[in-house]
1. Could you work out how much longer the chain between residue 159 and residue 79 gets when fully extended? Use 0.36 nm per residue separation minus the Cα distance between them, nm to one decimal.
2. Can you give me the angle between helix 98-117 and the longest principal axis of the chain, using Cα atoms only, in degrees from 0 to 90, rounded to the nearest 10?
3. Please express the shape of region 77-140 as an equivalent ellipsoid: the semi-axes are the square roots of 5 times the eigenvalues of the C-alpha gyration tensor, given largest first in whole angstrom.
4. Could you run the Debye sum over the Cα atoms of the chain, one equal point scatterer each and no solvent, and tell me log10 of I(q)/I(0) at q = 0.10, 0.12, 0.18 Å⁻¹, two decimals?
5. Once the Cα atoms of helix 43-52 and of the chain are each reduced to a long axis, what angle between those two axes, in degrees from 0 to 90 to the nearest 10, is obtained?
6. Using only Cα atoms and rounding to the nearest 10 degrees, what angle (0 to 90) does helix 142-164 make with the longest principal axis of the chain?
7. If you stretched the chain out fully between residue 20 and residue 64, how much longer would it get, using 0.36 nm times the residue separation minus the C-alpha to C-alpha distance?
């Protein structure tokens, strides 16, 4: 048996409210988040499905990244990342591609800050974008390394969010 924190009345273990005073009974275990985020993003899947769908899968995954980072981090940093499709179809051509550079820089930095805030030991941030995706194009595999790091960072954040909220 447990006791009400408001009035001290004895309460059944399965009760949601105190029968004496009507106050809500606090659970001993924190509730898992209502939304469970995907944690199965991977580079091979990303490449193969993007080829098969003529790039549509890449849009879906990057859109999910923008939505998921907002779900995970917005209550802590008060920011909102622009949806990838809005950026791609409206702002990228208006800014002659500069909007894409800014978006990737900001989302990478935000993911890196959230990894650090949650004490997840994985190195990722804006430097990963500039180093692997931009300068890495010189060695051809750099953008693939960046996408791998981005997807892994989001998997780690999503897994932590699914457990801790």
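FYI, it's all coordinate maths here, none of it is from the lab. From a predicted model like this one, the values you see are computed outputs, not experimental measurements.
1. Length gained, residue 159 through residue 79: 26.7 nm.
2. 40
3. That gives 22, 18, 7 Å for the three semi-axes.
4. At q = 0.10, 0.12, 0.18 Å⁻¹ the computed log10 ratios are -0.49, -0.62, -1.13.
5. 60
6. Orientation of helix 142-164: about 10 degrees from the principal axis.
7. 11.2 nm
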